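To start, the structure itself, in structure tokens.
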Amino acid sequence: MLKKIRFWLALVFWVSITLLFLDITKGLHIYLGWMAKLQFLPAILSINIGVILLVLALTFLFGRLYCSIICPLGVFQDFVSRIAGRFKKRRFSFKKENRSVRLYILGVFVLMMIFFAPIADLVAPYSAYGRMVSLLFQPIYQWIHNIGASIAEHYDSYAMYSLDVWFKAGWAIVVPIVTFIVVTVWSWKTGRGYCNTVCPVGTLLGLISTKSLFKVNIKDDKCVNCGLCEKNCKAQAIDYKLHKIDYSRCVACMNCIDVCKKSAIVFSRCKSEKAESKATSEVDESLRKTLATTALLAVSSVVKAQEKTVDGGLAVIEDKKIPNREIPVKPAGSRSYKHFSNHCTGCQLCVSQCPNGILRPSTRLDSFLQPEMSFERGYCRPECTRCSEVCPTGAIEKITREEKTAIRAGHAVWIKQNCLPVTDGVSCGNCASHCPSGAITMVPLVGNPDVKIPSIDSERCLGCGACEHLCPVRPFSAIYVEGNLVHGDF
Amino acid sequence: MSDNNISRREFLKIAGTSAAVTAVAATGCGKAVDSTGVGDTSTSVSKNIPTDKMTYRTNPKTGDKISILGYGFMRLPTISNQSARESGDEIDQETVNKLTDYAIEHGVNLFDTSPAYCRGFSEHAMGIALSRYPRDKYFVSTKLSNFAPQQWTFEASKAIYQKSLKELQVDYIDYLHLHAVGNGGMETFSQRYLDNGMLDYLMKEREAGRIKNLGFSYHGDIKVFDYLIDNHDTYKWDFVMIQMNYVDWHHANQLNPMNTDAEYLYNRLAEKNIPIFIMEPLLGGRLAKLPNHVQEILRTRRPESSIASWSFRWIASHPQILTILSGMTYMEHLQDNLSTLCPLEECTDDENKFLEHVADEFVQFPLVPCTACQYCMPCPYGVDIPTTFTHYNKCVNEGYISVSQQDANYVEARKRFLIGYDRVVEPKRQAAHCISCRTCVSHCPQNINIPQKLHDIDDYIEKLKQGTL
């Protein structure tokens, strides 16, 4: 019974969170966004006291239910382990807890969170799962969706539309691939091995769960020492010979209760065992590394207007390339580069939700896998505040559309040697005519008043990238956006 | 297929082939054509089209009998990949051959092309399709399309003409047009044909019999038309091509102040007894798919006839017309037009009056007067101009352009406009990428202020996206 409840709750959470990352309707976050905000590490980073207390209280009452219901990476491992169980039943046996390793990893994790968060985030469970789904599985999901969209198109239906499918991470895609392989193989072999060795949240909650009020207990009088519970314990936490359970690793999955033929295992109150604990929770905000700055102006090949002799056809358009930004552009709502780096766990929820194809994980070391903006496929549209709505960690704070019009996330920079009026003598001004904040004015070039060039009012520029995206010069635009280290007030 | 009545089985096969083409062809020549021919297949496909009832008109000079329906090779079907968005589509020669066979079998004998059509591949395709028939079974019509300034020299122009002979695999051309005179006014005309001695050369070629009939196709500046007709005694035009249909008859000027009503053009040519070729009988498909409520009136009068058939019947009812050129991409277009003109049922006075009303209604609609002729393409910055206009017009016709968010169908209209636009034009080729370089403007035979229209559409899109309509 208890196992069934746990199973169905876990399934609902897992499927919902996965859908949230895969989401192609871009509307699910309204209903499911709270599930991301329940995640423990994001809650700590956004100092969401309510959620932190809730998870701690839950663990203190019932043990690590969080790990077996709310954490998507945990449930994912159960899923893998379940499949493995089809091939080889009752494959687990008790292992002694390697406490010093667990505490050591937790300690390093906390230090890394303080001084170099992007690396620490690599092992954080929720964001590791988010990266896998968002960067690996979403493109596949979208591709399948596009088959549906092309069928819809064939029948002139507007129910589905085609999505731009691309792998957003660049070379950093190795990270979710490695995570996927490690977690899958590990859980195939040892069930919750990752959770009970590496996972910092698991270790932390394990410290509390040893003292939780309700626990799984083996009743000595009923137990016949058959060992079924041990063989089915995916946390490898039951020692049936000694009738002992390691509560720091037990994730309260209730499988043992279900499997015991003698009803010798119950979930009940019991006297707590003594266990040492260490206080480690709050993660300080602190300085992270300053920026490494190397920038080269990308000199661009310019579209040459071809002389027309025949009708029809489409001129070849080169794809835009990512310019070398000295300071990456972070989404509006992230307040400052520092604030963003300190709060973001790189879960990729905003990346998977961005409807304009702008956000993608960074491959810079100092903000590794934390999202940044680039404008080859679109620009940060004035009416959109989706990333700020979905962010569970408060790295991107919730903003309204009106507030967004006053946030200066970056500023445009003009590159004279790329600009079409200068190079080709063609009149242009596409940047000026599309600037949502009217920050660009076309002015005569000094020394050649016939040529009109864009002049940028940085005070009004929001760094939305409309100018960069719509600049006709390819592959490198003649106007591009540099990030602001501190975003304008809002 | 040689029987007078095409068997049902064979017919289904043809219809199937063309339907398959319909599904995939969407770029290059075939791009804008989903709206070019017949709007509805339900009325046209189930007819038996006679093979011996084609209406013919006689060329007064040569005595040749010319089919009133001429086959235009400007909108040929293409082999497209599924995405159907990238350029570089090849002409679907196999389908072109099938269409040609079907046309010839049903009495069509005039085929029109230009060195510029279909990115320059149209003449070649026509050469392949027609060279399978004896030379006296068909008449070819092509043009001297020396549009680019570097082609204005005598040598370059002559090379274009000689290439036409080679591509078409013929040793004489039945009808040669000076292509689109009027665009660019007298100045451009002089540079293209007078100053370089090209017109004199072509007249000599006519004497030599390598050009059977010499004429011109006209768009734009009326001064050029008047000049050429005023000097008819010198040039002895054997034919002239104009744009004429029941809308352009009295409303061409109203739709665009640069253009002249077809009635004036027709009457001047009739006065001189010059045979007339007609182009754009359907205004690039806009007269095949009218606004819903207008369409309803036409259907009420002739429920069995397609919307397109009205324009063909109306044009063909004018005696001075030698042939009507129609760019038929798909078998349904061809079949519909054949069933309209085999034989022709002329418009009554009553119907003419009625069509005047339809034209009045038509011009009230904010359509972009684009015929999807592709002359503006390729846009040097990659914008897909004709498909953008075709999409916009489609939404206008179907009632999916919103005036404000209060409109009853705003949500649906917004969805259809935005999703539909992404489907037919990939984002990097959409209206927002027009930089107003104005290269296209001088190429447009309809004198559309293309950048302005693109910006209007882009503004509309922005309002839809931002929800500020």
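Values quoted throughout were computed directly from the atomic coordinates according to the rules given, and no laboratory measurement underlies them. Predicted model, so just to flag it, every value in this text is computed and none were measured. Neighbour counts run over all protein chains shown; Cβ positions are idealised from the backbone, glycine included.
Things to note:
- For the pair A:Trp34 and A:Ile151 in one chain, pulling the backbone fully straight at 0.36 nm per residue adds 38.8 nm over the alpha carbon distance.
- Peptide-level mean, for B:380-392, of C-beta atoms on other protein chains within 10 Å: 3
- Alpha carbon centroid spacing (whole Å) that separates segment B:170-186 from segment B:259-327: 22
- Cα centroid separation, segment B:214-228 to segment B:125-148: 23 Å.
- FRET efficiency for A:Phe79 and A:Lys321, using Cβ-Cβ distance with R0 set to 45 Å, rounded to 0.05: 0.70
- Binned Cα-Cα distance frequencies in segment A:337-483 - 5 Å width, integer %: 2, 10, 18, 20, 18, 13, 9, 6, 4, 1, 0
- Among B:244-253, A:174-183, A:219-228, A:368-377, the order from most to least packed when residues are scored by Cβ within 10 Å on average: A:368-377, B:244-253, A:174-183, A:219-228
- Counts of other chain beta carbons within 10 angstrom of each beta carbon in peptide B:433-445 average 4.
- Dividing the convex hull volume of the alpha carbon atoms of chain B by its residue count gives 137 Å³ per residue.
- Other-chain or far-sequence residues with amide H under 5 Å of B:Ile79's (modelled H): B:Glu90, B:Ile91, B:Asp92
- Relative frequency of Cα-Cα separations exceeding 40 Å in chain A, percent: 32
- Remark on B:Ile173: its backbone amide H falls under 5 Å from those of B:Ile211, B:Lys212, a criterion applied only to residues 5 or more positions apart or on other chains, H modelled at 1.01 Å from N.
- Stokes-Einstein translational diffusion, segment A:110-209 - Kirkwood Rh over all Cα pairs, 1.567 mPa s, 4 °C, in µm²/s: 81
- For B:Thr260, A:Thr184, order by how many other beta-carbon atoms lie within 10 Å, fewest first: A:Thr184, B:Thr260
- Full extension of the chain segment joining B:His357 with B:Asn253 gains 35.8 nm, where the gain is 0.36 nm per residue of separation less the Cα-Cα distance.
- Charge dipole (Cα centre; +1 on Lys/Arg Cβ, -1 on Asp/Glu Cβ; no other charges) of segment B:8-364 amounts to roughly 780 debye.
- Among A:Glu383, B:Glu207, B:Glu105, sorting on how many other beta-carbon atoms sit within 10 Å of each Cβ, with the fewest leading, yields B:Glu207, A:Glu383, B:Glu105.
- Positive-pole candidate from A:Pro355, B:Thr439, B:Thr468, dipole of the protein assembly as shown, charges at beta carbon: A:Pro355
- Theoretical FRET efficiency, 1/(1+(r/R0)^6), r = Cβ-Cβ of B:Asp459 and A:Lys189, R0 51 Å, to 0.05: 0.25
- More than 31 angstrom apart: percent of Cα pairs within segment A:2-269: 30
- Averaging Cα coordinates gives a centre for segment A:217-259 and one for segment B:358-410; these two points are 71 Å apart.
- Note: the protein assembly as shown, Cα convex hull, 190 Å³ per residue.
- Each principal axis of the Cα cloud of segment B:317-469 was evaluated for its coordinate range; sorted largest first, these ranges are 52, 39, 27 Å.
- The packing ranking of peptides B:373-379, B:211-217, highest mean first, is B:373-379, B:211-217, where packing means the average number of other beta carbon atoms within 10 angstrom of each residue.
- Average beta carbon contacts from partner chains per residue of B:460-469, 10 Å cutoff: 2
- Whole-Hz couplings from phi, Karplus 6.51/-1.76/1.60, listed for segment B:213-222; x for Gly and Pro: 9, 10, x, 8, 9, 10, 9, x, 5, 5
- Applying 1/(1 + (r/R0)^6) with R0 = 35 Å to the Cβ-Cβ distance of A:Leu445 and B:Gln150 gives a FRET efficiency near 0.75.
- Label positions at A:Lys262 and A:Phe115, each projected 7 Å from the Cα along the C-beta direction, are separated by 5.3 nm.
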